[in-house]
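Working notes for the structure below.
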Amino acid sequence: MSIRLTNVSKGFEHTQVLSDISVTIAPGEFFVMVGPSGSGKSTLLRIIAGLTSVTAGQIYFDEREVTALPPKERNLSMVFQNYALLPFMNVAQNVRFGLDNQQLSANEKNKRVDWALDLVHLSGLRDRKPKALSGGQQQRVSLARALAAKTPLVLMDEPLSNLDAQLRAEMRAEIIRLHREIGMTLIYVTHDQVEAMTMGDRILVLDAEQIQQLGTPLELYNHPANEFVAKFIGTPEMNIVPITVNEHNQFSLGTEFAAQQAVPVPFALPAGHYHLGIRPEQLVPLAAAGTAALPATVADVQQLGNDTLIFSDCNGQQLVSRIPQQFEVAVGSRLQLAVPPQKGAWHLFDAQTGAAIKEGVADGGR
Ligand SMILES: Nc1ncnc2c1ncn2[C@@H]1O[C@H](COP(=O)(O)OP(=O)(O)OP(=O)(O)O)[C@@H](O)[C@H]1O
């Protein structure tokens, strides 16, 4: 089922939450909506479900307008963060309960329950009550209940946020598998950018009432539309620092040109003030002092086992580097951070608006 929102806005009494949201979701897509707390992700999902009305705009399912339809007429199912299981029913009864709205024979309902429990690997626990299940198992029951209805659209609102890290990773893989097997349209809300990056065909980043960017995970990572997306996607977050470029194509960190810190820009960049974004993995120390390097002082080191994070100070700007190995360096020592020579590692943003500078400058006038 395809989903289309046109100019959807939503305000509550004292707050505007969504303004003019337009988006089309393709049939069978795994579509993730991500954003910080309070950005309106759940509100947008509830609008699609029919649980919250819009202030303006229209919603279409397969080109049929559903804006005014109640949830039970929209042919969808939902999975919530808190599982929403009924404590006095066992696992099989909870799954069957999700079929109550459907005109199916008792035999067909039994088959659906068996099928859904099998899908989530819970057939052996069908007689247990929810309180005798782990958090991950309870979440599996709520998944089974949503899947048993075989609706062409499934909505999930932070379904994994009550689980510990290991279970979360397991359930992530499980949901990806279920989506692949069943092929329903899946709209998934999370505030966790790792979930968004690893699960979604496309990601919609929501903030300040607006769509900040819509694209595939790697489009967002490699070409963030603005500083908000650049910082939101990726861990540790992208370094974004003010730079000043002079007429000799040299730059220094900071809002004023510092001649003693000047480093050549590896491509033509008009003089001016910018915000420069560099991913931590693209800002690694040079073995020896080089011409295109930023001198920095190590402020902190975090050994993660497989990676080392180095936090440093360069001309008053805080920077973080990620080195994909164990790396010994003392706090207080001096480092030369190599300026990445490839243009793709440079993310330039407008110093006032934070919008990515795409044409003519960062891409060298392509
Ligand atoms: N029924 C309501 N009445 C008034 N304000 C509401 C209502 N529901 C949500 N809001 C407000 O709308 C804004 C967005 O809430 P929403 O739950 O959609 O955000 P979210 O991005 O899902 O956040 P979180 O990640 O914290 O769940 C918040 O400021 C919230 O206080």
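The values are calculated or read from the model by the stated rules, or taken from the named source; none is laboratory data. Please read these numbers as outputs of a predicted model, since none were measured by experiment. Quick reminder, even Gly has a Cβ in these numbers, built from the backbone with ideal geometry, and neighbours come from all protein chains shown. With ligands, DNA and RNA removed, areas are computed over all heavy atoms of the protein, side chains included. Shrake-Rupley method; radii C 1.70, N 1.55, O 1.52, S 1.80 Å.
Quick look at the values:
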| item | result |
| --- | --- |
| Candidate set from the range 245-267 (those that are assigned to a loop (DSSP other than H, G, I, E, B) and aliphatic (A, V, I, L, M)); member that is surrounded by the fewest Cβ atoms within 10 Å (Cβ to Cβ) | Ala258 |
| Qualifying positions in the range 46-67 - buried (at least 18 other Cβ atoms within 10 Å of the Cβ), in contact (Cβ under 8 Å) with a residue 40 or more places away in the chain and at positive phi | Gly57 |
| Selection count where residues are open to solvent by less than 40 Å² (accessible area, probe 1.4 Å) and more than 7 Å from the ligand (Cβ to nearest atom), scope the range 12-21 | 3 |
| Selection from the range 304-333 of residues that are modelled with pLDDT of 95 or more, in a strand (DSSP E or B) and either in contact with a helix residue (DSSP H, G or I) (Cβ under 9 Å, 6 or more places away or on another chain) or not polar (S, T, N, Q) (or both) | Leu309, Ile310, Phe311, Asp313, Leu319, Val320, Ser321, Arg322, Ile323 |
| Selection within the range 29-39 - open to solvent by 10 Å² or more (accessible area, probe 1.4 Å) and either at pLDDT 95 or above or closer than 11 Å to Gln212 by Cβ (or both) | Glu29, Pro36 |
| Residue within the range 118-126 that is under 17 Å from Ile176 (Cα atoms), among the acidic types (Asp, Glu) and within 16 Å of the ligand (Cβ to nearest atom) present | no |
| Filter result for Asn110 (open to solvent by 40 Å² or more (accessible area, probe 1.4 Å), in the same structural domain as Ser134 (by the TED database) and within 16 Å of the ligand (Cβ to nearest atom)) | no |
| Matching residues, the range 35-67, being within 9 Å of the ligand (Cβ to nearest atom) and either more than 17 Å from Met184 (Cβ to Cβ) or outside the structural domain of Ile182 (by the TED database) (or both) | Gly35, Pro36, Ser37, Gly38, Ser39, Gly40, Lys41, Ser42, Thr43, Leu44, Arg46, Thr52 |
| Helices (runs of 4 or more DSSP H) (entirely within the range 141-244) containing at least 1 residues that are of a type in the set (Gly, Ala, Ser) and buried (at least 19 other Cβ atoms within 10 Å of the Cβ) | 193-199, 227-232 |
| Val91 being more than 28 Å from His191 (Cβ to Cβ) and of a type in the set (Val, Ile, Thr) | yes |
| Glu170 within 16 Å of the ligand (Cβ to nearest atom) and among the charged types (D, E, K, R) | no |
| Condition check for Thr24: away from the ligand (no atom under 16 Å from the Cβ), more than 16 Å from Met156 (Cα to Cα) and open to solvent by 20 Å² or more (accessible area, probe 1.4 Å) | yes |
| Within the range 322-349, tally of residues that are among the aromatic types (Phe, Trp, Tyr) and open to solvent by 90 Å² or more (accessible area, probe 1.4 Å) | 0 |
| Residues satisfying the stated conditions in the range 172-200, i.e. in contact (Cβ under 8 Å) with a residue 12 or more places away in the chain, over 21 Å from Ser2 (Cβ atoms) and out of contact with any strand residue (DSSP E or B) (no Cβ under 9 Å at 6 or more places or on another chain) | Arg172, Glu174, Val194, Thr198 |
| Residues of the range 68-91 that turn out to be among the basic types (Lys, Arg) and either open to solvent by 40 Å² or more (accessible area, probe 1.4 Å) or not assigned by the TED database to the domain that holds Lys150 (or both), as a count | 1 |
| Residues of the range 270-310 classified as open to solvent by less than 40 Å² (accessible area, probe 1.4 Å) and touching a Lys or Arg at 6+ places or on another chain (Cβ under 9 Å), total | 11 |
